[in-house]
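One structure is given below, encoded as structure tokens.
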Amino acid sequence: MKVVATEKAPKALGPYSQGYVHGGILYSAGQIAINPEVDAVTAVTIEEQTEQVCKNLGEVLKEAGTDFGHVLKTTCFLADMADFAVFNEVYAKYFTSKPARSCVAVKTLPKGVLCEVELIAAVE
């Protein structure tokens, strides 16, 4: 197993890694809208937070040696399902290959953010 760690994405908030590659597959931890340059959530709206989440995931993918086109599955967590349509607009710009996905509303997310996304991707 290979640990995936990059300073270009937020550091883990607890006892976990940004991701692991095993058997040619990346398993990422969930990413929230922390801006790694300032180590804080600076985005306010669901659009801004989704953009930051996708940028963070892009850095994890890059560090693992893959990209958005190789994502097989995502799991998306929303603080409010009323944000579903707007979240999808931003999400669709990054996940153009339309990977399999689950999307659920949850009661709360770390740091009070509006969304979190984790993924599984092929690494060639």
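Tell me which of these Pro15 doesn't satisfy, since it passes every other one: (1) more than 14 Å from Gly65 (Cβ to Cβ); (2) out of contact with any Pro (no Cβ under 6 Å at 6 or more places or on another chain); (3) at pLDDT 95 or above.
Unmet condition: (3).
Limited to segment 75-89, what total is found for residues that are hydrophobic (A, V, I, L, M, F, W, C), touching a residue at least 12 places away in the same chain (Cβ under 8 Å) and either open to solvent by less than 60 Å² (accessible area, probe 1.4 Å) or more than 13 Å from Leu114 (Cβ to Cβ) (or both)?
Looking only at that region, the number is 6.
Check Thr50, Thr6, Thr66 and return the single one that is in contact (Cβ under 8 Å) with a residue 60 or more places away in the chain and of a type in the set (Ser, Thr, Tyr).
Unique residue meeting the criteria: Thr50.
Could you tell me which of the residues Ala92, Ala100, Ala105, Ala122 is over 17 Å from Val4 (Cβ atoms), in contact with a helix residue (DSSP H, G or I) (Cβ under 6 Å, 6 or more places away or on another chain) and open to solvent by less than 60 Å² (accessible area, probe 1.4 Å)?
Ala105
Show the residue pairs meeting these rules: Cβ distance below 6 Å; 6+ apart or different chains; first residue within segment 24-46 and at positive phi; second residue in a loop (DSSP other than H, G, I, E, B) and buried (at least 17 other Cβ atoms within 10 Å of the Cβ).
Sorted first by the residue in segment 24-46, then by its partner, the pairs are Gly24/Val123.
Can you give me the number of residues within segment 2-20 that are within 14 Å of Ile32 (Cα to Cα) and of a type in the set (D, E, K, R)?
Adding up the residues that qualify gives 2.
Say we look at segment 34-74 and pick out the residues that are touching a Pro at 6+ places or on another chain (Cβ under 9 Å) and in a loop (DSSP other than H, G, I, E, B); which of these is most open to solvent (accessible area, probe 1.4 Å)?
Asp39
Taking segment 88-124 only, how many residues are modelled with pLDDT under 95 and aliphatic (A, V, I, L, M)?
So the answer is 0.
Could you check, for segment 84-96, whether at least one of its residues is of a type in the set (S, T, N, Q) and part of a helix (DSSP H, G or I)?
Yes: segment 84-96 contains one or more residues that are of a type in the set (S, T, N, Q) and part of a helix (DSSP H, G or I).
The values are calculated or read from the model by the stated rules, or taken from the named source; none is laboratory data. Predicted, not measured: the structure shown is a model, and the values here were computed from it. Neighbour counts run over all protein chains shown; Cβ positions are idealised from the backbone, glycine included. Areas reflect the complete protein model, heavy atoms only, side chains present, ligands, DNA and RNA absent. Shrake-Rupley method; radii C 1.70, N 1.55, O 1.52, S 1.80 Å.
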